[in-house]
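The values are calculated or read from the model by the stated rules, or taken from the named source; none is laboratory data. All of these numbers come straight from a predicted model, not from anything done at the bench. Cβ placement follows ideal geometry from the backbone for every residue including glycine, while neighbour counts extend to all protein chains displayed. Areas reflect the complete protein model, heavy atoms only, side chains present, ligands, DNA and RNA absent. Shrake-Rupley method; radii C 1.70, N 1.55, O 1.52, S 1.80 Å.
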Amino acid sequence: MLPQKHRLKLDKDIKTLYAKGRSVFGIYVGVKLMKNNLVDSRFAVAAGLKVSKKAVDRNRLKRQVRAIVHDHVNEIVSGYDLLLIVRKEALGKKTKEIEEQLMKTLAKAKMLV
């Protein structure tokens, strides 16, 4: 689980990020990012109904992505809000495959230290 200081929780913040954030998309995960005026980066994970109609599948994907972020939080640039949007291509993939693609997407967005 992500530490409290790394969670992006407020609906207002997520909507602002979704509307004004810069987008970078990979095969399994898309990233919306925007600079914040904080020391730490904050993360939110979204998986819509287009990914799967089953909540079990969507929640599993969100847990996998959160675990990946938790493992690599020190490698990600500080001072940003990031919304990680899970795509339906990630359904049924192993965590390692999702991790590789997420790291490539973050590198593409120039968010890795």
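The table below gives the values:
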quantity	calculated
Within the chain, longest stretch clear of exposed trypsin sites (Lys or Arg not before Pro) (DSSP loop, no more than 16 other Cβ within 10 Å)	10-49
Kirkwood Rh in Å, taken over the chain so that all alpha-carbon pairs contribute	13.9 Å
Greater than 21 Å apart at Cα, pairs in K62/K94; K20/K54; K35/K93; K20/K93; K35/K108	K20/K54; K35/K93; K20/K93
Sparse-neighbourhood loop sites, chymotrypsin sites (Phe, Trp or Tyr not before Pro) in segment 1-52 - DSSP loop, at most 16 other Cβ within 10 angstrom	none
Residue-level accessible surface for H70, protein heavy atoms, 1.4 Å, Å²	80 Å²
Nearby aspartates and glutamates by direct alpha-carbon distance to K88 (threshold 19 angstrom, same-chain neighbours under 8 apart not counted)	D57, E97, E99, E100
Placed amide H near R42: partners under 5 Å, 5+ positions off or other chain	Y80, D81, L82
Portion, in percent, of the accessible area of the chain that falls on carbon or sulfur, probe 1.4 Å	54 percent
Mean projection area, nm², convex hull over Cα of segment 1-65	5.1 nm²
